[in-house]
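The numbers here are math on the coordinates, done by the rules we state, and not lab data. The model shown is predicted, which means the values in this text are computed figures rather than measured ones. We place every Cβ from the backbone using ideal geometry, glycine too, and count neighbours over all the protein chains shown.
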Amino acid sequence: MIKALAVFALALAALPALAEEALREGSENKASPLAVLDIEPETISVMGVSSGGYMAAQLAVAWPEQFSGLAVFAAGPWGCAQGALALALTQCMNTRLGLPEQDDLQGRYDAYLEKELVGSSKALAEQRLYLWSGEQDSVVDPRLIGVLADQYRHWLADPETQLKQTHSETAGHGWPVSADTATASTADAIEPAPCTESGSPYLLDCDFDGAGQALKWLYEERVQPPQGDGRGMLMRFDQTMFYDGGLAETGYVFIPKTCEEGAPCALTVALHGCSMSAEQIGETFVRHSGLNEWASENRLVVLYPQARPSLPNPKACWDWWGYDESSWQRDAPYDSRQGQQVQALKAMVEHIAGSDAD
């Protein structure tokens, strides 16, 4: 009896410490509001892989005044699906129906432009564009990236100096990384997929730094290769304030120490592909894409928004065919300024740049 009372007394004495530890752990796991930083307006870009590549193009075409650069990995042309899942599957992933016709895509763009559902053609003509594809891609026909390149050649003021297209003969479907990138932090090193394969986590060991190549093209002389001595922090933020619906509750943002301390910084939005959200592969993409190493060295903030799995979207793809809106409106303008996910992503950018208070 005395022994039991002693154990009970020890348990009571430990409660305050346990409660404090639980509170601390809960605070660490709770996503904070997205920070507001000093972002230079002319240095904002967007990039993405697979469905994230399609969404990145939608965002860049909708708001070219805001996004000076676009990088697309393993995806196809803007407007490809035209609101139809069947078309997305048979002409924008595999190409059983043939490649998309440029006249059809341009007609969609012209109709949006007339209704002011996309940005000005003058601003679009000034963007810089980086494209990457793998010849062994069995998910998205690698020829589709060429359709996007041709599309932008029609839009850009000087395609020879503004557009760069890289093609790997050995790569499958995903985001290419070098072995050094994947094991940059031995504490949480990951095993990338073989370069020729298309499987989780869709980071491909191609001995090619896709993040660095894209950033060097989009930002030219502004960025320098990482030396390993840059500092920064990857943080979780609450996405529900931007769109309480088709997105995950939590997104990620990498903030270099210099940016956190108030230095003016650039910003890139990095969009994961299908089956690459944090809910599916943990923090693999947001930690091991290679972007953070370049970011910490170059005063570059990296925003990693997160889609979520759902019944109409089990693989947590970004909405590039209309799943998030087609159930309640016909001919949903998901790929325009009125698209709900497009608006949510733009709102995140405006918030972190402090322009939503203007």
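Approximating the spin labels as points 7 Å out from Cα along Cα→Cβ, the T240-to-D331 distance works out to 3.6 nm. Note on D103 and Q136: with the Förster distance fixed at 25 Å, the Cβ-Cβ geometry gives a FRET efficiency of about 0.25. Each Lys and Arg adds +1 at its Cβ and each Asp and Glu adds -1 at its Cβ; summed about the Cα centre, segment 231-351 shows a dipole of about 180 debye.
Looking at the chain, the DSSP beta bridges with both ends there are about 25 percent antiparallel.
Taking the C-alpha atoms only, the angle from helix 143-155 to the longest principal axis of the chain is near 70 degrees.
Charges were assigned to the Cβ only: +1 to each Lys and Arg, -1 to each Asp and Glu. The resulting dipole of the chain about its Cα centre is roughly 560 debye.
Relative to the longest principal axis of the Cα atoms of the chain, the long axis of helix 340-352 lies at roughly 60 degrees. Spin-label model, K257/K30: points 7 Å from Cα along the beta carbon direction are separated by 2.8 nm. The angle between the Cα long axis of helix 2-29 and the longest principal axis of the Cα atoms of the chain comes to about 20 degrees, rounded to the nearest 10. Antiparallel versus total DSSP beta bridges in segment 193-325: what percent is that, nearest 5? Antiparallel bridges make up about 65 percent of those DSSP assigns within segment 193-325. With 32 Å as the limit, the listed pairs K164/K346; K164/K315; K30/K115 have K30/K115 beyond it between alpha carbons.
With a cut-off of 17 Å, note down the residues of segment 151-180 whose backbone N falls inside the zone around a label point 7 Å from the Cα of A125 toward its beta carbon. Within reach of a label on A125: 151-163.
Simple spin-label estimate for L89 and E169 gives 3.4 nm between the two label positions (7 Å along the Cα-to-Cβ direction from each Cα). Sorted on the mean count of surrounding Cβ atoms within 10 Å across their residues, most packed first, peptides 32-44, 140-152, 297-309 read 297-309, 140-152, 32-44.
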